[in-house]
1. Could you look through region 92-136, keep only residues that are free of Cβ contacts under 8 Å to residues at least 24 places away in the same chain and in contact with a strand residue (DSSP E or B) (Cβ under 8 Å, 6 or more places away or on another chain), and pick out the one that is farthest from residue 49 (Cα to Cα)?
2. Run down 95, 69, 100, 112 and say which single residue is closer than 15 Å to residue 9 by Cβ, modelled with pLDDT of 95 or more and either touching a helix residue (DSSP H, G or I) at 6+ places or on another chain (Cβ under 6 Å) or surrounded by fewer than 12 Cβ atoms within 10 Å (Cβ to Cβ) (or both).
3. Among the residues of region 1-24, which ones are in a helix (DSSP H, G or I) and over 16 Å from residue 125 (Cβ atoms)?
4. Looking only at region 23-66, which residues are in contact (Cβ under 8 Å) with a residue 40 or more places away in the chain, crowded, with 18+ Cβ neighbours inside 10 Å and closer than 17 Å to residue 79 by Cα?
């Protein structure tokens, strides 16, 4: 398993299931497959899973059916290799402060606040906004 838990951001989870994304699909599918094979644990927030469902059923070119997307979400929520994290009302207040202080989008700030509460300090993402948050290490697997 991995030394330090890392969150997989929504965009990378989407790429793992979006075959139209070519090289991004290949790279992200490899990451996700490592989790399914219990070679690597990933943190995933319930926010990520909700965003994933909407994006893969409504926003990508080759959208998934609601049934297939729902099965993927259910599989992730039930599988031990995915460490589920969630937020509460106090996290929202922290996210508002993070968003203002570090000039990042609120939804990214909410994810960052959730991660901090669960002691997750690394995120696989393409979103450069996470680099503005000092306690996070943002890793873009497409640039490795």
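1. By that ranking, first place goes to 131.
2. Values: 95 fails: closer than 15 Å to residue 9 by Cβ; 69 fails: closer than 15 Å to residue 9 by Cβ; 100 fails: closer than 15 Å to residue 9 by Cβ.
It is 112.
3. So in region 1-24, the residues in a helix (DSSP H, G or I) come out as 10-17, 19-21, 23-24.
Selection gives 17, 19, 20, 23.
4. 31, 35, 42, 43, 44, 45, 48, 52
The values are calculated or read from the model by the stated rules, or taken from the named source; none is laboratory data. These numbers were taken from a predicted model, which means no experiment stands behind them. Virtual Cβ from ideal backbone geometry, glycine too; neighbours counted across all protein chains shown.
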